[in-house]
Structures are given as C-alpha cells and as structure tokens.
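Just so it is clear, none of the values below were taken in a lab; they were calculated from the coordinates. If you're wondering where the values come from, they're calculated on a predicted model, not measured in any experiment. Here the Cβ is made from the backbone with ideal geometry for all residues, glycine too, and neighbour counts use every protein chain on show.
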Amino acid sequence: MPNYLLLAATAENVLQDVSTLHPVSPPADSIRYLFYFVTAVGAGILAVVWGVLLYSLVKFRRKRSIGWRGGDEQQPAYPGVVTAEPPQVYGSMPIEIAWTVAPGIIVLMLSLVIVRTELEVRIKQPSPLQGSNALTATVIGHQWWWEYIIEQNGGQNVNPVVTANELHVPVSGEGTEGAPTRPVYLTLKSADVCHSFWVPRLAGKTDLIPGRVNQMWFQTTQPGLYVGQCAEYCGAQHANMLLRVYIDTPENFAAWLANEQKPAVSDPAVRAGQQVFLAQSCVNCHTIRGTTAKGKFGPDLTHLASRATFAGGMLGLNQENLEKWIIDPQKMKPECLMPAFGLSVRNVGLITDYLMTLK
Ligand code: CUA
C-alpha cells in the first residue's frame, strides 16, 4: 500500500512508502506495536478525563441562565434552582489514593512495554558470527552521503566491499521452508558530524556519532527497494542525504556481491577518459579499485555505474547529470565538499564516458 507521501525522491521518480505503520522487519514491527499501544493508552486516558469533565459540566451546570439573584441553599431565590456552591471536599483519602495509584500503574505498564521493545530493537550482533547467516556491514555517515563497507556474509569474511549511498542486502527466508534467516547487522560511525540512519520500514532511527560506535539490525522477507533519509540535522545538505536499501533475492544479492568484490572494469574504449581521471585531482578523494585512484575522502567509484543514483541519492545516475555534476557540483548540491575543477568540456565528456562504464 504505497500511500504516504514521501521524503525520499528517487531516480525513478516513484514515490516510495516510508510509513512506520507499514513495517517489513521485526524492529520496525515492534516500534509500530509500541506506537499503537501508547496511542491506545493515551486515548483511553483522554476519554476518561474528557468524560468526567463533560459529565461534570453538564451535571453541575447552573440550571438555566437566569443568573445570580441572591438566596442560598436554604432559601433559593427561585424554587428548584440551586444558586449556592456545591459542597466543598478537602482531603479525601480514597480520592488521593486513586489518583496516585492509577497513574503509577499506567506509567509502570508503559515502562515495561518500552523496555521490552528496546530489547527487541537493540539486538546486539552475535560474536563470533560463524554458523550464522548474518550479513554485517559498517555504515559511515559523511557530509552528505553514506559509505557502506560489507564485511561478512553468511558468517564468512568477504573481501571488504566499499560502496556508497545504495546498500544491497539479501532477503531473509524466515517462514519459508529451507531458506535461511538472514539478519543484517550494521555498525554505524561518522566521519564528521552526527547523522542518523532511518529507513522507517526496516528499523527505527540509529544515530551515527563521531567517536562512537552504534549498532542496529533488521531482516525482512520482502524483497524490494526501501528508502529513508538522514534523520539528524547535519548541515546544509542534510535533506539530500538519502538512504536506499535494496533487499535482493539470494541470486541477485550473490551477483551484486560478486561484482562489487571485483576491481573496476577497464574498458579500452574509454582509456582516454580513464587517463584524464587519473591525471586529475579526482584521485585525491575517490577510489577506483584496480587503478591508482585511492582517495578515501569521497565515495568509492569502483562500481559507480551499477548504482541508480549519486550525490547522496539526490540525482539519478545518467550521463547528463554526471556531466553537470563534474562541471560544477556546487550548482547541483550547494556546499557539498566537491569543488568545480574548471575542466574543459572535452575532459568532462571523457571522464563521464569512463565513469559510466564502471558497472
Ligand atoms: Cu546526515 Cu543529516
């Protein structure tokens, strides 16, 4: 039911569902349950308070609006009309006990449910992972893009795969005969300021904090693309720090991982573009595995062309956008950390042609 408007624009221009009410993963499901529960308790309290209030307003209103004309309880000014104040109650033990104990029980009940939800959401990555089908990855928040390092797949170390902005993970088979459960454990760090990883249908927010390591997990039986975005203000382009998590079928995931582990393709047809790229300062910030480009500051471009988006997920990856980007990134994403290098039109074309071959 894709029916909520959404924060994250996608290259395909499809609105993606990011409703926390449509979870596809256990932590997100626990959070939805907690939301419903707390809302129901709150609505119950509201109903009781308003019920008592309305009852009192109606029951004890001054009868007819004839106003105060003197008189008292013993001798009303008008027969049948009560004009005196109702009896005043000072210090009633039963009432005091009732309104102390009842909220206490409610708060205790809410605390217990919240603690249980926390335990369900904050499952720590088991260690060691042997014999588990887990996927582990490190996520590093940067101004304003995401770096992913896939470390272990099915309990086995992989040749670390470094990619950006688009995370691929395998679908989990729980409930399906013979298919393994495949949890995903993420270790979250920041390269600069605080960010927050939030793909609402998969799990709650987890912050990426400089100098600190956080963890989160999710797993889902439903393949597809799930989007989200950085949920902690992190500077000028916070709104363009979009998250894309692809839940792949086992075959697609295996193919993706195998491809990502390879060094970059070297297509002789774009040799000139490769040479221009390697001769420019591009290499100070970007890595293309298999070449001399080993910069770590910007996104790894080894398999750039296998992604649907770039620039923190804000731009669809195609020749036109990439050329505009290389000509002047500041025009496309003001204050991003890549400057314009004043390259000639020819060189921009050559570099773009080369980058677009990096499947
Ligand atoms: Cu990163 Cu907001």
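Being among the small types (Gly, Ala, Ser), out of contact with any helix residue (DSSP H, G or I) (no Cβ under 8 Å at 6 or more places or on another chain), more than 20 Å from Thr352 (Cβ to Cβ) and within 16 Å of the ligand (Cβ to nearest atom), is that true of even one residue in the stretch 245-257?
no
Which residues, taken from the stretch 279-296, are exposed (fewer than 15 other Cβ atoms within 10 Å of the Cβ) and over 17 Å from Pro160 (Cα atoms)?
Correct list: Ala279, Ser281, Asn284, Thr292.
Is it the case that the stretch 246-265 has a residue that's among the small types (Gly, Ala, Ser) and over 35 Å from the mean Cα position of the chain (by Cα)?
Taking every residue of the stretch 246-265 in turn, none turns out to be among the small types (Gly, Ala, Ser) and over 35 Å from the mean Cα position of the chain (by Cα).
Pull out all pairs, ordered by first then second residue, where Cβ-Cβ is under 7 Å, the residues are six or more apart or on different chains, the first lies in the stretch 302-320 and is within 25 Å of Ala236 (Cβ to Cβ), and the second is in a loop (DSSP other than H, G, I, E, B) and of a type in the set (Lys, Arg).
Ala311/Lys333; Met314/Lys333; Leu317/Arg307
If the requirement is being at negative phi and touching a Gly at 6+ places or on another chain (Cβ under 6 Å), which of these qualifies: Leu243, Leu278?
Leu243
List every residue pair whose Cβ atoms lie under 9 Å apart, where the two residues are 6 or more positions apart in sequence or sit on different chains, the first residue falls within the stretch 186-201 and is aromatic (Phe, Trp, Tyr), and the second residue, located anywhere, is more than 9 Å from the ligand (Cβ to nearest atom) and not in a strand (DSSP E or B).
Phe197/Ala203; Phe197/Lys205; Trp198/Val18; Trp198/Gly204; Trp198/Lys205
Quick check: anything in the stretch 181-191 surrounded by fewer than 16 Cβ atoms within 10 Å (Cβ to Cβ), of a type outside the set (A, V, I, L, M), more than 14 Å from the chain's Cα centre (by Cα) and within 11 Å of the ligand (Cβ to nearest atom)?
The answer is no, given that none of the residues of the stretch 181-191 is surrounded by fewer than 16 Cβ atoms within 10 Å (Cβ to Cβ), of a type outside the set (A, V, I, L, M), more than 14 Å from the chain's Cα centre (by Cα) and within 11 Å of the ligand (Cβ to nearest atom).
With the structure loaded, tell me whether Arg201 is under 20 Å from the mean Cα position of the chain (by Cα) and more than 16 Å from the ligand (Cβ to nearest atom) or whether it fails that test. Break it down into steps so the answer makes sense when it comes.
On the way: under 20 Å from the mean Cα position of the chain (by Cα): yes; more than 16 Å from the ligand (Cβ to nearest atom): yes.
Considered against the rule, which asks whether it is under 20 Å from the mean Cα position of the chain (by Cα) and more than 16 Å from the ligand (Cβ to nearest atom), Arg201 comes out as yes.
Filter the stretch 214-233 for residues that are within 11 Å of the ligand (Cβ to nearest atom) and surrounded by fewer than 21 Cβ atoms within 10 Å (Cβ to Cβ); which is farthest from Arg201 (Cα to Cα)?
Initially, the stretch 214-233 is screened for residues within 11 Å of the ligand (Cβ to nearest atom), giving 229-233.
Right, trim to surrounded by fewer than 21 Cβ atoms within 10 Å (Cβ to Cβ) and you get 231-233.
Numbers: Ala231: 14, Glu232: 18, Tyr233: 21 Å.
Step by step, filter the stretch 214-233, then rank; the result is Tyr233.
Of all residues in the stretch 234-244, which are within 11 Å of the ligand (Cβ to nearest atom) and touching a residue at least 24 places away in the same chain (Cβ under 8 Å)?
Cys234, Gly235, Ala236, Gln237, His238, Asn240, Met241, Leu242, Leu243
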